[in-house]
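Trainee: I have a structure I would like to understand better, so I am pasting it below and will then ask my questions one at a time.
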Amino acid sequence: MNQPGKYVSCGITLGSCWGALSSKDNYPIMEINCSSEGDAMSHHVLVACMPKSASTFISSAIANAVNLNSINLIPSYGRREQELCEICLAQNAKLDYVAQHHIKHSTWTEELCSDYDVSIIVLIRSLFDVVVSIRDHVHRESPVNPFFYLDKQHLSRDRAELEHMIAMLAMPWYINFYMGWRSSKAARIFMYEDFIADPDKAIGEMLTFAGIPATTAQIAAGLEAAKSKGSRINVGKAGRGMDLKPETVMMIMDMMAAYPEIQDDPYVQMMKTQAARILAAGTDQVAAPSPLPAAAGATLRPSFAMRARRYFRRKMRLLGKRRNPLIAAGLLAIAGLYYAFLYNLIPNSLMGGRIDDLIVPAACVFVAAKLLTRTKVRPVPVPFRATDAAASVSSH
């Protein structure tokens with residue numbers, strides 16, 4: 001059993017690769033057992049969150065309050081969209097956990113969460129504040145993210161220009177995120193601003209929605225534990241977008257105006273109020289630029305064993321999915337040489353002495369034939385070590 005608060009993950013390895021090369025299709029098949037029999041009492045929580053919505057802190061507080069494991073339900077971070085991995089869901093079906101991912105809504109995601117009995121908590125935040133928080137994040141940690149392309153060369157832009165770029169490129173992802181989860185009947189949306197105003201109440205409502213009983217003392221202890229363990233929460237206050245340029249604010253509001261059906265939502269009403277305050281300050285007023293955060297230290301990398309495992313897994317996957325005439329020719333040559341010179345490794349006078357004369361060449365011929373056709377690999381899911389998963393999370 002994984003210890004509460006530890007990050008665990010899972011990956012796909014291609015063990016027994018040669019024996020699995022048995023189909024003409026080009027896609028891997030994964031044997032998944034999504035049966036929930038025997039784990040009906042397990043508590044599964046997905047925190048589907050806007051980036052920079054205090055999601056890491058909130059997930060940690062939930063995990064510590066009610067003794068849940070903090071896990072990953074995706075195989076990788078970086079620029080990859082954080083879509084759920086069904087192998088991870090299946091392997092952790094009997095584990096009490098909370099998983100926090102920047103994942104947009106889709107029918108498939110809802111179906112997976114329904115199949116594996118996962119409660120969906122959605123975190124949102126004012127887009128104006130998000131722009132400023134992202135600006136700090138890309139300077140302090142990394143420009144790599146899954147919702148828009150940014151590289152180190154773009155960080156030399158001045159504050160207002162970088163904020164406008166973030167608003168123009170990243171906010172469509174955020175609006176897509178909100179519109180999708182707003183349409184979901186399976187999820188419950190919580191606002192960052194409500195959490196900042198009353199953390200204990202917000203965490204209590206989240207746990208109640210997930211069907212997990214918790215006392216006020218447990219919730220308070222969970223919040224304290226999240227603080228003491230070091231949180232990636234940036235400033236932790238609402239209204240950080242007050243220094244945005246008016247043109248950036250208007251661009252964001254124009255995006256939101258594309259959906260007239262949401263104009264009365266409390267979330268949009270909050271943003272309209274905030275936009276009015278920013279614009280009322282006047283376009284001629286020059287706000288003092290906020291200081292940029294100090295550069296982060298060296299980023300932890302996945303262990304050598306983890307990187308080597310991924311490298312060979314990728315190579316074996318390609319070996320199984322592509323035609324390999326050179327390797328096939330080599331196997332046929334081995335079969336011929338064996339039959340010509342080494343066929344009598346087991347003396348024929350012994351029991352089963354002639355079996356090796358047939359099995360080894362036949363196996364070589366069979367694998368060579370498979371390598372001359374398009375095949376598919378049946379991956380066998382094997383969980384990563386907790387230490388490897390923690391290293392992977394550190395790059396997020």
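Trainee: Which whole number in µm²/s is D for the range 153-227 by Stokes-Einstein, with the Kirkwood Rh taken over Cα pairs at 4 °C and 1.567 mPa s?
Mentor: 84 µm²/s
Trainee: Still on this structure, I have one more. Excluding ligands, DNA and RNA, what is the solvent-accessible area per residue of the range 133-271 at a probe of 1.4 Å, expressed in Å²?
Mentor: Result: 47 Å² of accessible area for each residue.
Trainee: Now, a different point. Taking only the alpha-carbon atoms of the range 184-276, what semi-axes of the equivalent ellipsoid follow from 5 times the gyration tensor eigenvalues under a square root, in whole Å, largest first?
Mentor: Over the Cα atoms of the range 184-276, the ellipsoid semi-axes are 31, 19, 10 Å.
Trainee: A further question on this structure: D243 accessible area, nearest 10 Å², 1.4 Å probe?
Mentor: For D243, solvent-accessible area is about 60 Å².
Trainee: Hey, another quick one. Across 5 Å bins from the origin, how do the percents of Cα pairs in the range 80-121 run, short distances first?
Mentor: Going out from 0 Å in 5 Å bins, the range 80-121 shows 5, 20, 37, 28, 9, 1 percent.
Trainee: Keeping every protein chain in place, order L89, L169, L358 by accessible area at 1.4 Å, biggest value first, i.e. largest first.
Mentor: Output order, biggest surface exposure first: L358, L169, L89.
Trainee: Among the listed pairs K52/K185; K152/K272; K52/K94; K185/K245, give every one whose C-alpha distance is greater than 27 Å.
Mentor: Violating the 27 Å Cα-Cα cut-off are K152/K272; K52/K94; K185/K245.
Trainee: If you wrap a convex hull around the C-alpha atoms of the range 109-179 and split its volume per residue, what is the figure in Å³?
Mentor: 106 Å³
Trainee: Using label points projected 7 Å from each Cα along Cα→Cβ, tell me how many nm separate S156 and S114, to one decimal.
Mentor: 5.2 nm
Trainee: If you don't mind, another one. Taking 0.36 nm per intervening residue step and subtracting the Cα-Cα distance, what contour gain separates S42 from K94 on full extension?
Mentor: The S42-K94 span can extend by a further 18.1 nm.
The values are calculated or read from the model by the stated rules, or taken from the named source; none is laboratory data. Note that the structure is predicted; figures quoted are calculated from it, not measured. Every residue, glycine among them, receives a Cβ derived from its backbone with ideal geometry; neighbour counts consider all protein chains shown. Just the protein is used for accessible areas: all its heavy atoms, side chains included, with ligands, DNA and RNA removed. Shrake-Rupley method; radii C 1.70, N 1.55, O 1.52, S 1.80 Å.
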